[in-house]
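These notes concern the structure reproduced below.
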Amino acid sequence: MGGRLQGKIAIVTGAGQGIGASTARAFAAQGAATVIAELNRETGRAIADELRSSGAQAIFIETDVTEKDAVAAMVARTVETFGGVDILVNNAGANVFYEPLAMPDEEWERCLRLDLEAAWLCSRAVLPIMLEKGAGAIINIASCHGFRIIPHTFPYPVAKHALLGLTRSLGIEYAAHGIRVNAIAPGYIETPIAEAYWNTFPDPAAEKQRAYDLHPPKRIGRPEEVAMTAVFLASDEAPFINAATITIDGGRSVLYHD
Ligand SMILES: NC(=O)c1ccc[n+]([C@@H]2O[C@H](COP(=O)([O-])OP(=O)(O)OC[C@H]3O[C@@H](n4cnc5c(N)ncnc54)[C@H](O)[C@@H]3O)[C@@H](O)[C@H]2O)c1
């Protein structure tokens, strides 16, 4: 089976559902041996089983990416199983949204650990392996909250701004060693979470239409569209793209409101 990621070994964090699951599916379809590094045993296993039944090499490794030891164990098992790590997608994340002064103290730490520090812990664990090989690609799934602010979404944008800083810092540090570090900044993506959010409104269809209307193409993004960009950045088709952020929002963040 040929593919754009044939022969590569990839770790996708938080790949049990949503954007991570789509990315794992796209990677496997392009020939990568894929590790589902996921906290949720049920969804993580199900995705790995699905990929294997389609003929791909895939394993689920139960991992809390905010725990340094768990991350080290996950990377060690990846190397034992597949023989290395060529690609890391730091995708695990969660919306932590408050008006700043209404935020419970512990939520700051929960957000910063998952939406920022976990990407560093995972990068820190794979970088020595990539350095030894003189090649590697790290892709951080950031957000449009990484450069724009929607009130009452604090402290998620603080973490996502810093995730772009992490992307740029590591991208520069290791560029001369064949390692590329890039970010994808998705806008509003149609996931089960978006669906569940619309369902909290008295008229879910109207709320969904409102979300669509915010975007120049009159729809929101699809997880597969983020996954396609992750495949491109992870592949040998993007050898000179480094320390960059690709925005996937249909142009919403460029639109000037009058
Ligand atoms: N969905 C969107 O509209 C959107 C937009 C911009 C950015 N993003 C970003 O994309 C990424 C994925 O978003 P999604 O909407 O697919 O999310 P999701 O909630 O559907 O999936 C996140 C996955 O991460 C896993 N996870 C959570 N904590 C973990 C931990 N500590 N260790 C390992 N796995 C853990 C969850 O179990 C889940 O499977 C996130 O970083 C998010 O911030 C999403």
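Every read-out reported here was derived from the displayed coordinates using simple, explicitly stated rules and does not represent laboratory data. In this text the structure is predicted, and so the values were computed from the model without any measurement. Counting neighbours? That spans all protein chains shown, and the Cβs are built from the backbone with ideal geometry, glycine included.
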Legend entry - Shape metrics for the range 95-162, restricted to C-alpha atoms - Rg then Dmax, Å: 14.6, 47
Legend entry - Of Trp108, Trp198, Trp120, the one that fluctuates the most in a GNM where the chain has Cα springs shorter than 10 Å: Trp198
Legend entry - Sequence-distant lysines (8 or more away, or on other chains) whose Cα lies within less than 16 Å of Lys208: Lys218
Legend entry - Estimated translational D of the range 1-72 in µm²/s (Stokes, Kirkwood radius over Cα pairs; 20 °C; 1.002 mPa s): 182
Inset, instruction - Using only Cα atoms, tell me the angle between helix 223-234 and the longest principal axis of the chain; keep it within 0 to 90° and round to the nearest 10. - result: 40
Inset, instruction - For Asp105 and Leu131, compute 0.36 nm times the residue count separating them, minus their Cα-Cα distance, and round to one decimal in nm. - result: 5.6 nm
Inset, instruction - Could you calculate the contour length gain from Arg210 to Glu50, that is, 0.36 nm times the residue separation minus the distance between their Cα atoms, to one decimal place in nm? - result: 54.2 nm
Legend entry - Sequence-separation-based contact order of the range 9-248, relative, with Cα cut under 8 Å and 6+ spacing, percent: 20
Legend entry - Projected label distance in nm at Ala196 and Tyr98, using a 7 Å step from Cα toward the beta-carbon: 2.0
Legend entry - Within-14-Å neighbourhood charge of Leu170 [Cβ basis; K, R +1; D, E -1]: +1
Legend entry - Exposure proxy ranking, count of Cβ atoms within 10 Å, fewest first, for Asp86, Asp115, Asp105, Asp69: Asp105, Asp69, Asp86, Asp115
Inset, instruction - May I ask for the percentage of alpha-carbon pairs in the chain that lie more than 29 Å from each other? - result: 28
Inset, instruction - Could you compute the FRET efficiency for Glu80 and His177, with r as their C-beta to C-beta distance and R0 at 30 Å, rounded to 0.05? - result: 0.80
Inset, instruction - Please work out how much length the chain gains when fully extended from Asn40 to Ala244, using 0.36 nm per residue of separation minus the C-alpha to C-alpha distance, in nm with one decimal. - result: 70.4 nm
Inset, instruction - Please list, or write none, the lysines whose alpha carbon is within less than 28 Å of the alpha carbon of Lys133, excluding same-chain residues fewer than 8 places away. - result: Lys8, Lys68
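Using r as the Cβ-Cβ distance of Tyr256 and Met228, and R0 as 25 Å, what FRET efficiency do you calculate, to the nearest 0.05?
E(calc), rounded to 0.05, equals 0.35.
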Inset, instruction - Post the alpha-carbon centroid distance, the range 1-72 to the range 94-114, in whole angstrom. - result: 28
Legend entry - Relative contact order [Cα under 8 Å, 6+ residues apart], the range 128-256, whole percent: 32
Legend entry - 0 to 90° range, to nearest 10: angle between helix 41-53 axis and the chain longest Cα axis: 60
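How charged is the neighbourhood of Leu233? Take every other residue with its Cβ under 14 Å from the Cβ of Leu233, and add Lys/Arg as +1 and Asp/Glu as -1. Intermediate values should be presented prior to the final figure.
On the way: positive: Arg4, Lys8, Arg180; negative: Asp86, Glu225, Asp236, Glu237.
So the surrounding residues net to -1.
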Legend entry - Neighbour net charge for Asp213 - beta-carbon separation under 13 angstrom, K R +1, D E -1: +4
Legend entry - Amide H contacts of Phe60 (H built 1.01 Å from N, under 5 Å, at least 5 apart or other chain): Ile36
